[in-house]
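The values are calculated or read from the model by the stated rules, or taken from the named source; none is laboratory data. Predicted model, so just to flag it, every value in this text is computed and none were measured. Positions of Cβ are generated from backbone atoms using ideal geometry, with glycine treated the same way; all protein chains shown enter the neighbour counts. Heads up: the accessible areas ignore ligands, DNA and RNA and are worked out on the full protein's heavy atoms, side chains in. Shrake-Rupley method; radii C 1.70, N 1.55, O 1.52, S 1.80 Å.
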Amino acid sequence: MMDRDRNKTLLLELQRAAGTGNDRCADCGEPDPEWASYKLGIFICLNCSGIHRNLPQISRVKSLRLDFWENDLIEFMKTHGNLCAKAKYEAKVPPYYYIPRSHDCLVLREQWIRAKYEREEFVATQVCQDPCSAGSREGFLWKRGRESRQFQKRQFLLSAREGVMKYYIKEEIVDWFNAIRAARYHYLRTTFPSVPEPELIPRITRNYVKEGYMEKTGPKQKEAFKVRWFCLDSQERNLMYFKTPLDAFAQGQVFIGRMEEGYKVQAGLPQGVRVKKRKPAITVVTPMREFVFICENEREQREWIDALNGVIAQPLSG
């Protein structure tokens, strides 16, 4: 019992130790991880520990608080840790590669973990893949037609050298995702050779700070409200709306400028506007007109207001 309590205390001290990186999940960055892999010597969160359980030949996990830790395992954890593992398993992560965070979907996190520990794609002994070759891929994808709602199987060819993704009509969606990022990275690197890499990486994909359904009316604010799927792109400062989340093209968009330019967002309806639905509303004020949206509930209303205010408060990019 004394060893159990002592070792648990030591583990928790290791998890909080400065300069180790152990205070965040080694794989997704979730703060205060309460699980660890005693084969890899890393501290991980509950969700990532579930993925590690499916890799028993590579990783074995225990709870920091609930499981018994033998003395030799404690010593192993002392000599390893998250920064040590990062130096080994993430030594050569390509700049375009998307590193998932805790809020990302399971498939992205699982393939990131498998790429690191199972396939060891990023260890120092691996030959780094050229972004141009990484951004070249051929295979089948299901594509939704612009006019039709039907998905059809098509042969796609992604060429970073040509800067195009053609389809004539992979099985691994994460490989496709990062291949597309590689092609985009190659295009940006070639087009803007003098721009520092940290400024290029955020441009690889759009940064949607908020997505979801709202109802919108027309410019006269008397038209019927219609349900639309909205995406707020903080990078381009656009609030775009689609008929459905899978639509390839937006039906319209609202530019979100800065407060000093006359942009603001407020809860409720503009003066004189009446609606039958008793649901929370948002009004986006621009120098040209007011845009009115109805949210599903108060939580969604607060999240949209916070997200829009975040974009309004950020400086315009040069």
Taking the chain and counting helices only, DSSP H stretches of n ≥ 4 at -39,500 (n - 2.57) each over all residues, the nearest-500 ellipticity at 222 nm comes to -8500 deg cm²/dmol
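Normalising by the residue count of the stretch 265-318, find the relative contact order in percent from Cα pairs under 8 Å and 6+ residues apart.
Dividing the mean separation by the residue count of the stretch 265-318 yields 32 percent.
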Per 5 angstrom bin, beginning at 0 and ending with the bin that holds the maximum distance, the Cα pairs of the stretch 189-318 fall in percents of 2, 10, 19, 22, 19, 13, 7, 4, 3, 1, 0
Mean separation of Cα contacts under 8 Å (at least 6 apart) over the residue count of the stretch 1-81, i.e. the relative contact order in percent, is 30
Expressed in angstrom, Rg and Dmax over the Cα atoms of the stretch 61-130 are 14.7, 45
Using alpha carbon centers only, the stretch 224-254 is separated from the stretch 265-318 by a whole-angstrom value of 14
Carbon and sulfur atoms account, in whole percent of the 1.4 Å probe accessible area of the chain, for 52
Note to self: with every protein chain in place and a 1.4 Å probe, the chain gives an accessible area per residue in Å² of 58
Restricting to aspartates and glutamates and to Cα separations under 19 Å from Lys143, and discarding same-chain partners fewer than 8 apart, the set is Glu171, Glu172, Asp175, Asp247
When every protein chain stays in place and a 1.4 Å probe is rolled, Phe192, Phe225 sorted by accessible area with the largest first are Phe192, Phe225
The size of the Cβ-based charge dipole (Lys, Arg +1; Asp, Glu -1) of the chain about the Cα centre, to the nearest 20 debye, is 1380
Here the stretch 51-67 yields Karplus 3J(HN,Hα) values (6.51, -1.76, 1.60; θ = phi - 60°; whole Hz; Gly and Pro given as x) of 5, 4, 4, 7, 10, x, 6, 10, 9, 10, 10, 9, 7, 5, 9, 9, 9
Dividing the alpha-carbon radius of gyration of the chain by 2.2 N^0.38 Å, where N counts its residues, gives 1.23
Expressed as a whole-number percentage, the relative contact order of the stretch 201-318 with C-alpha contacts under 8 angstrom and at least six residues apart is 23
Here, GluC sites (Glu not before Pro) of the stretch 1-105 satisfying both criteria (DSSP loop; at most 13 other Cβ within 10 Å) are Glu70
